[in-house]
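Structure first, then comments.
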Amino acid sequence: MSQLNDLPLQILPALGDRRIALVEAQWHADIVHQARDAFLAEMERLGVPASQIDIFDVPGAFEIPLHAKRLARSGRYAAVVCCALVVDGGIYRHEFVASTVVESLMQVQLETEVPMISAVLTPHHFHEHIEHRKYFHRHFAVKGAEAAEACVKTIAGLSRLDALLAG
């Protein structure tokens, strides 16, 4: 994790009265929750208390974009962080689902001007055995911490940009 020395971590003033939303899919919840927990811990370390973060559970990755869009449109959130594990269930192409979700989040971000931070991940291979589960538990923890850093940097960067454009 980088030290963020290049950013003045005045994140709470940049948030103002807005909050952070985290939308997490419940498919493979034990793995996805690793990202959530690491995100919350890293946000706390970066100066954003858990009390500033609202968590929303959805059934799967496909349900994330609509929730994210409604949250963004509410005006209550400075950023929406999205977490999911999309795996090959043998019925459809999981790459299509992951691509659709991430492309939709980009569209929501551009339409609402609220950052969408994606930790929606799709591995090439995922098997329901202990070694893969252990690997993805660790991997999602790393991705959760990275999502926190991206969230803080994006909010701070947009705050600086808004100030520059206003003056």
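Each value in this text was obtained by applying a stated rule to the coordinates, not by laboratory testing. If you're wondering where the values come from, they're calculated on a predicted model, not measured in any experiment. Glycine gets a Cβ as well: all are built from the backbone with ideal geometry, and neighbour counts include every protein chain shown.
The listed peptides 140-153, 45-58, ordered by packing as a protection proxy, come out as 140-153, 45-58 (highest mean of other Cβ atoms within 10 Å first). Amide H contacts of PHE56: LEU22, VAL23, GLU24, each under 5 Å away and 5 or more positions distant or on a separate chain (H built 1.01 Å from N in the peptide plane; Pro and chain starts excluded). Residue separation of HIS139 and ARG18 scaled by 0.36 nm, minus their Cα-Cα distance, works out to 40.6 nm of gained length. A simple spin-label model places pseudo-atoms 7 Å from Cα toward Cβ; at ILE55 and ALA150 they are separated by 2.0 nm. The simple spin-label model puts a point 7 Å past each Cα toward its Cβ; for SER74 and ASP162 those points are separated by 1.8 nm. Sorting 108-117, 154-163 by average packing, meaning the other beta carbons within 10 Å per residue, from highest down gives 108-117, 154-163. The overall shape of region 27-74 is oblate: from the C-alpha gyration tensor, with semi-axes ordered a ≥ b ≥ c, the ratio a/c is 1.5 or greater and a/b is no larger than b/c. Using the Karplus relation 6.51 cos²θ - 1.76 cosθ + 1.60 with θ = phi - 60°, the per-residue 3J(HN,Hα) values for region 41-50 come to 5, 5, 4, 4, 4, 8, x, 10, x, 4 Hz, with x marking Gly and Pro.
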